[in-house]
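Questions regarding the structure given below will be posed in turn.
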Amino acid sequence: MPDKASQSKRVNLIDTSLRDGHQSLLATRMSTEQCLRLLPMIADEGYDIIELWGGATLDACLRFTGDDPFERLTKFREVCDQTGRHIQIRSLCRGQNLFGYNPYPDNVVYEFMKEACRTGNDRVRIFDALNDHRNLITAIMSTKTFNGHAEAAMSYTTSPVHDNNHFVNFAKQCVEAGADSIAIKDMAGLLHPADAWTLIAAVQEACPGVEISLHSHDTNGLAIATYVVAMMAGIDNIDTAYGPMSGATSQPPAELIRFFADALGIELNVTFKHVAEIDAGLRKIRQELSEVDKNPEHFGHPWPNEPTEAMKAAIGEAIELLQSKDRDKCTKACDVIEEKIMVPQGYPEVDKSQLESQIPGGMLSNLYNQLKDQGKLDLMPKVQEEIPKVRAAAGYLPLVTPTSQIVGSQAAFNVMQNSHYGFVSEPFRDVIMGKYGKLPGPADPEVIKLVSRGEEPFTGRPADLVDDIDLVKVYAENGKLIRSHRDLLLLLLFPMPAKLFLEKANPAT
């Protein structure tokens with residue numbers, strides 16, 4: 001076992017069950033009512049930060065659950081405040097794309113962040129799919145203007161152009177732009193524990209005194225071991241979810257991370273006093289949403305209060321292997337955790353093919369349901385094979401919203417039409433042409449020829465291509481449909497879903 005005195009003394013867990021957990025496993029279908037069943041217990045567990053908003057949840061509220069996203073945030077704030085202490089509600093924001101899918105004008109970004117922070121979203125994780133820091137600046141400054149904590153997140157991926165220097169330079173640019181903290185956002189579960197040792201150290205050295213968080217998904221069976229390395233390396237925060245909403249394409253289970261922390265002599269901020277009730281509640285919700293559940297039979301058995309003897313042995317073995325920092329031994333630690341802990345605990349076996357396709361959990365969940373709805377689920381393997389080819393052609397884009405959807409859709413078109421770029425979507429063309437930001441690497445020249453229409457790629461800041469929106473004019477044009485500033489913002493970000501939602505919620509009188 002490790003020398004406990006050599007380890008970091010405290011690590012903060014951040015719960016993601018009610019945001020990224022169901023986005024990754026249940027196609028973002030949890031309703032406000034379902035979330036509110038669990039939030040009082042989760043809020044009473046000792047968390048300083050809980051991720052509850054942002055990402056795909058705003059769009060899903062309007063399209064699928066019939067909830068007002070701002071009302072959801074208001075209710076979440078009320079529950080958190082009832083604990084008698086301040087719990088930060090964190091959201092995930094796509095930089096200049098906000099909570100939508102396209103770059104928005106600066107005034108829309110400013111107005112949306114103002115409303116979100118005023119409503120109770122006091123910590124915002126801001127990322128850009130291309131790691132173009134220019135796409136974070138307006139969101140960072142808007143968040144800070146309204147007393148929010150701006151956390152800049154790097155979109156982690158692996159490719160010939162992504163190395164530690166790439167990520168460190170991005171982190172430094174974000175701190176210089178005003179970011180309060182840095183997050184390593186490993187949306188596809190690609191960060192190998194051996195690489196985590198060097199990446200975390202490099203960011204710590206480049207940004208001394210800056211709080212660092214780690215977010216990963218267990219899609220490829222790497223994330224749990226990587227989290228253990230992060231705790232040993234002195235990370236500040238790690239994102240976890242509770243048993244039934246963890247594992248597979250979601251975050252590692254908080255219950256297992258607790259066992260590893262105990263073995264390392266690391267203090268956590270979570271009491272786990274409500275863990276049995278939270279587990280039961282989430283288990284019931286997965287049953288209620290089984291139609292959109294990719295693994296309705298495999299989401300783990302309830303975790304014991306203490307690790308079994310077999311778990312203790314596997315935990316000790318994994319820690320010893322990870323402390324070596326040797327890549328092969330770290331890989332072995334991942335296998336130990338999967339084969340001796342996760343699979344016996346009832347979680348699905350890892351599909352290592354994801355390491356090549358690099359499909360993040362939320363994208364995989366949505367892609368599965370989209371192909372299923374079209375009766376083309378049999379094409380899923382071919383689409384997964386096509387995705388890394390399209391990604392490489394687009395300069396090795398990190399696959400995270402919106403680029404994950406753009407690349408995934410283009411890969412699906414290529415497969416369904418049995419033609420490479422016989423049809424090119426406008427968003428894919430815009431990515432290639434620089435309208436979403438600077439590509440990490442050069443795009444395939446042949447693909448540029450196919451999509452450019454004789455134009456030169458754009459090299460400026462994407463937001464400079466879109467003019468500020470006249471908000472007063474939008475109010476005037478939409479009559480009684482818009483009853484509040486919140487309604488206006490939803491209509492700007494999600495025109496059709498918001499229009500249908502508001503017509504139902506605000507019928508003309």
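The values are calculated or read from the model by the stated rules, or taken from the named source; none is laboratory data. The structure presented is a predicted model; accordingly, all values stated were derived computationally and were not measured. Positions of Cβ are generated from backbone atoms using ideal geometry, with glycine treated the same way; all protein chains shown enter the neighbour counts. Areas reflect the complete protein model, heavy atoms only, side chains present, ligands, DNA and RNA absent. Shrake-Rupley method; radii C 1.70, N 1.55, O 1.52, S 1.80 Å.
Look through region 81-118, keep the residues that are touching a Lys or Arg at 6+ places or on another chain (Cβ under 6 Å) and open to solvent by less than 20 Å² (accessible area, probe 1.4 Å), and return whichever of them is nearest to residue 406 (Cα to Cα).
92
I'd like to verify a number: residues in region 336-355 that are closer than 22 Å to residue 310 by Cβ and in contact (Cβ under 8 Å) with a residue 24 or more places away in the chain, how many?
So the count comes out to 11.
Pairs only if they're at least six apart or on different chains, beta carbon under 8 angstrom, first in region 412-431 and over 17 Å from residue 366 (Cβ atoms) and in contact (Cβ under 8 Å) with a residue 24 or more places away in the chain, second hydroxyl-bearing (Ser, Thr, Tyr) and assigned to a loop (DSSP other than H, G, I, E, B); list them, first residue then second.
414/421
Just a yes or no: is a residue in region 196-218 crowded, with 22+ Cβ neighbours inside 10 Å and over 20 Å from residue 131 (Cα atoms)?
yes
Follow-up. In region 179-216, how many are on the phi > 0 side of the Ramachandran plot and touching a residue at least 24 places away in the same chain (Cβ under 8 Å)?
Residues flagged as on the phi > 0 side of the Ramachandran plot and touching a residue at least 24 places away in the same chain (Cβ under 8 Å) within region 179-216 amount to 1.
If you don't mind, another one. Answer yes or no: is there a residue in region 454-462 that is assigned to a loop (DSSP other than H, G, I, E, B), open to solvent by 90 Å² or more (accessible area, probe 1.4 Å) and of a type in the set (Ser, Thr, Tyr).
Looking through region 454-462, at least one residue is assigned to a loop (DSSP other than H, G, I, E, B), open to solvent by 90 Å² or more (accessible area, probe 1.4 Å) and of a type in the set (Ser, Thr, Tyr).
Of the residues in region 271-319, how many are within 26 Å of the chain's Cα centre (by Cα), open to solvent by less than 70 Å² (accessible area, probe 1.4 Å), acidic (Asp, Glu) and modelled with pLDDT of 95 or more?
Number of matching residues: 1.
Let me ask you something else. Might you check whether a residue that is among the β-branched types (Val, Ile, Thr), assigned to a loop (DSSP other than H, G, I, E, B) and either modelled with pLDDT of 95 or more or under 16 Å from the mean Cα position of the chain (by Cα) (or both) occurs anywhere in region 233-240?
Yes.
I've got another one for you. What number goes with the only condition from (1) more than 27 Å from residue 57 (Cα to Cα); (2) open to solvent by less than 10 Å² (accessible area, probe 1.4 Å); (3) touching a helix residue (DSSP H, G or I) at 6+ places or on another chain (Cβ under 7 Å) that residue 437 does not pass?
Answer for residue 437: the failing condition is (1).
Test residue 421 against the stated conditions and say whether it is touching a His at 6+ places or on another chain (Cβ under 9 Å) and aromatic (Phe, Trp, Tyr).
Working: touching a His at 6+ places or on another chain (Cβ under 9 Å): no; aromatic (Phe, Trp, Tyr): yes.
Answer is no for this residue.
Hey, another quick one. Taking the options 291, 317, 277, name whichever one is part of a helix (DSSP H, G or I), more than 27 Å from residue 174 (Cβ to Cβ) and not assigned by the TED database to the domain that holds residue 170.
Checking each option against the conditions leaves just 317.
Have a look at 447, 390, 451 and point out the one that is buried (at least 16 other Cβ atoms within 10 Å of the Cβ) and within 28 Å of the chain's Cα centre (by Cα).
After applying the criteria, what remains is 390.
If residue 176 meets every condition in (1) free of Cβ contacts under 8 Å to residues at least 12 places away in the same chain; (2) buried (at least 21 other Cβ atoms within 10 Å of the Cβ) apart from one, which number is that one?
(2)
Can you pull out the residues in region 129-157 that are open to solvent by less than 10 Å² (accessible area, probe 1.4 Å) and either within 14 Å of the chain's Cα centre (by Cα) or not assigned by the TED database to the domain that holds residue 210 (or both)?
129, 151, 152, 153, 154, 155, 157 - these are the residues of region 129-157 that are open to solvent by less than 10 Å² (accessible area, probe 1.4 Å) and either within 14 Å of the chain's Cα centre (by Cα) or not assigned by the TED database to the domain that holds residue 210 (or both).
Find the helices (runs of 4 or more DSSP H) located wholly in region 372-446 whose residues include 2 or more that are out of contact with any Asp or Glu (no Cβ under 9 Å at 6 or more places or on another chain) and closer than 23 Å to residue 189 by Cα, and list them.
380-393, 403-416
Continuing with the same structure: Taking region 475-509 only, how many residues are open to solvent by less than 40 Å² (accessible area, probe 1.4 Å) and of a type in the set (Phe, Trp, Tyr)?
2
Take residue 472 and tell me if it is at negative phi, aliphatic (A, V, I, L, M) and either in contact (Cβ under 8 Å) with a residue 24 or more places away in the chain or surrounded by 12 or more Cβ atoms within 10 Å (Cβ to Cβ) (or both).
No; evaluated as a whole, the condition is false for this residue.
Looking at region 53-79, which of the residues that are in contact (Cβ under 8 Å) with a residue 60 or more places away in the chain and assigned to a loop (DSSP other than H, G, I, E, B) is most open to solvent (accessible area, probe 1.4 Å)?
Once the filter is applied, the top-ranked residue is 66.
Okay, next question. Which ones in region 465-509 are among the charged types (D, E, K, R) and outside any helix (DSSP H, G or I)?
467, 468, 470, 483 - these are the residues of region 465-509 that are among the charged types (D, E, K, R) and outside any helix (DSSP H, G or I).
Evaluate region 37-52: report whether one residue or more is under 19 Å from residue 117 (Cα atoms), touching a residue at least 12 places away in the same chain (Cβ under 8 Å), assigned by the TED database to the domain that holds residue 237 and open to solvent by 30 Å² or more (accessible area, probe 1.4 Å).
There is at least one residue in region 37-52 that is under 19 Å from residue 117 (Cα atoms), touching a residue at least 12 places away in the same chain (Cβ under 8 Å), assigned by the TED database to the domain that holds residue 237 and open to solvent by 30 Å² or more (accessible area, probe 1.4 Å).
May I pose another question? So if I check each of 297, 306, which one is under 24 Å from residue 35 (Cα atoms) and outside any helix (DSSP H, G or I)?
Within the list 297, 306, the selection yields 297.
Looking only at residues that are in a helix (DSSP H, G or I) and out of contact with any helix residue (DSSP H, G or I) (no Cβ under 8 Å at 6 or more places or on another chain) in region 255-274, which one is farthest from residue 343 (Cα to Cα)?
Per the stated criteria, the residue is 262.
Count, please, the residues in region 320-336 that happen to be open to solvent by less than 70 Å² (accessible area, probe 1.4 Å) and part of a loop (DSSP other than H, G, I, E, B).
Looking only at that region, the number is 2.
Can residue 350 be described as modelled with pLDDT under 95, under 26 Å from residue 17 (Cβ atoms), within 26 Å of the chain's Cα centre (by Cα) and among the aliphatic types (A, V, I, L, M)?
Answer is yes for this residue.
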